[in-house]
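Okay, so here's the structure we're looking at.
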Amino acid sequence: MGALNEGPLQLEVAGAGKRFGGVIALDGADLRLPRGVLGALIGPNGAGKSTLFDVVTGVTAPDSGRVRVAGEDVTGRGLAQIALAGVGRTFQAPRGFHSMSALANLMVVPSCRGDRLFTSLGRWGPARRRVRERAEAVLAKVGLEEHAETPYEKLSVGQMRLLEIGRHLMRDVSLLLLDEPTSGVVPSQQAQLGRLLGELCDRGMTILVVEHNLGFVMPLVSTVAVMDRGRVIRTGPPAEVQEDPAVIAAYLGVVEV
């Protein structure tokens with residue numbers, strides 16, 4: 001397995017194992033992601049990508065192995081505790097408060113890592129104005145300033161995806177994991193999403209994307225990790241990874257002779 005670009009690590013997964021009954025979802029998976037890198041995690045269906053995300057973000061605890069974020073061991077911690085460590089994650093289906101406006105969806109987000117949900121909405125006077133100003137700035141950053149008062153349920157899927165990223169920008173996350181961000185998104189908004197991710201990475205955020213849309217992700221990222229059968233079988237630059245016979249075999253289901 002090749003190595004990712006070396007540097008201070010934002011995410012390190014070492015020997016992660018996870019079994020669900022008789023199904024081995026993770027089989028000693030290793031992943032190293034340096035700070036400030038925009039990377040992709042790809043692989044065929046059932047390779048273990050979403051389970052690896054779940055283990056990193058505290059949705060489920062690994063049966064074995066360790067997870068470190070910025071050098072801090074977060075193995076087995078819950079969602080809330082790992083969020084406090086600066087980790088954000090989106091899911092395959094966009095999530096939001098449907099009857100609330102795009103702006104309000106941001107204003108309910110804790111304005112710092114130590115706050116609780118809805119704390120910001122409960123503030124009044126100057127504190128509330130600061131939260132609103134921050135939310136308006138984030139909307140502009142993700143390209144949704146014209147939709148500040150649009151109800152969440154009226155947004156397109158692509159706009160919902162952008163707003164999800166905006167919620168994590170409200171918390172100043174340092175590590176952002178995106179699960180199938182282009183699913184259901186039209187090409188023009190995929191391009192907008194790609195530009196935003198590149199800008200965030202340029203500003204120092206570390207981003208890892210699980211994506212089946214290789215046409216979107218390969219030109220965008222600087223490094224790719226490929227999973228198959230619960231393991232990371234190859235990491236490296238996109239051009240090299242796409243030519244690796246083991247990667248081709250994993251996707252096509254063929255065996256070299």
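Values quoted throughout were computed directly from the atomic coordinates according to the rules given, and no laboratory measurement underlies them. All of these numbers come straight from a predicted model, not from anything done at the bench. Cβ: placed from backbone, ideal geometry, glycine included. Neighbour counts: every protein chain shown.
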**OP:** Assign unit charges at the C-beta atoms only (+1 for Lys and Arg, -1 for Asp and Glu), then state the dipole size of the chain relative to its Cα centre in Debye, rounded to the nearest 20.
**Re:** 1000 debye
Original post:
For S183 and A249, FRET efficiency with R0 = 30 Å and r from the beta-carbon atoms, rounded to 0.05?
Top reply: 0.70
**OP:** List every residue whose amide H lies under 5 Å from the amide H of L41, counting only residues 5 or more places away in sequence or on a different chain, with H placed 1.01 Å from N in the peptide plane.
**Re:** V209, V210, E211, A225
Original post:
the range 54-76 to the range 191-219: how many Å between their Cα centroids?
Top reply: 23 Å
**OP:** Averaging sequence separations of C-alpha pairs under 8 Å and six or more residues apart, then dividing by the length of the range 1-96, give the relative contact order as a whole percent.
**Re:** 28 percent
Subject >> the range 122-244, dipole about Cα centre (Lys/Arg Cβ +1, Asp/Glu Cβ -1), debye to the nearest 20 >> reply: 700 debye
Original post:
Hey, what number do you get for the chain at 222 nm if only DSSP H runs of n ≥ 4 count, each worth -39500 (n - 2.57), divided across all residues, to the nearest 500?
Top reply: -9000 deg cm²/dmol
**OP:** For D73 and M100, compute 0.36 nm times the residue count separating them, minus their Cα-Cα distance, and round to one decimal in nm.
**Re:** 6.1 nm
**OP:** Compute the relative contact order of the chain as a whole-number percentage, counting only Cα pairs closer than 8 Å that sit 6 or more residues apart in sequence.
**Re:** 28 percent
**OP:** Jot down the radius of gyration and Dmax of the chain, Cα atoms only, both in angstrom.
**Re:** 18.5, 71
Original post:
What full-extension length gain, to one decimal in nm, is calculated for Q242 and E133 as 0.36 nm per residue of separation minus the Cα-Cα distance?
Top reply: 34.9 nm
Original post:
Along the charge dipole of the chain, which of Q192, S99, T51 sits closest to the positive end, that is, farthest toward it, with unit charges on the beta carbon of Lys, Arg, Asp and Glu (+1, +1, -1, -1)?
Top reply: S99
Subject >> Dmax and Rg, reported as Rg then Dmax, of the range 7-99 (C-alpha, Å) >> reply: 13.6, 44
Original post:
A140 versus F20, label points 7 Å from Cα toward the beta carbon: distance in nm?
Top reply: 4.4 nm
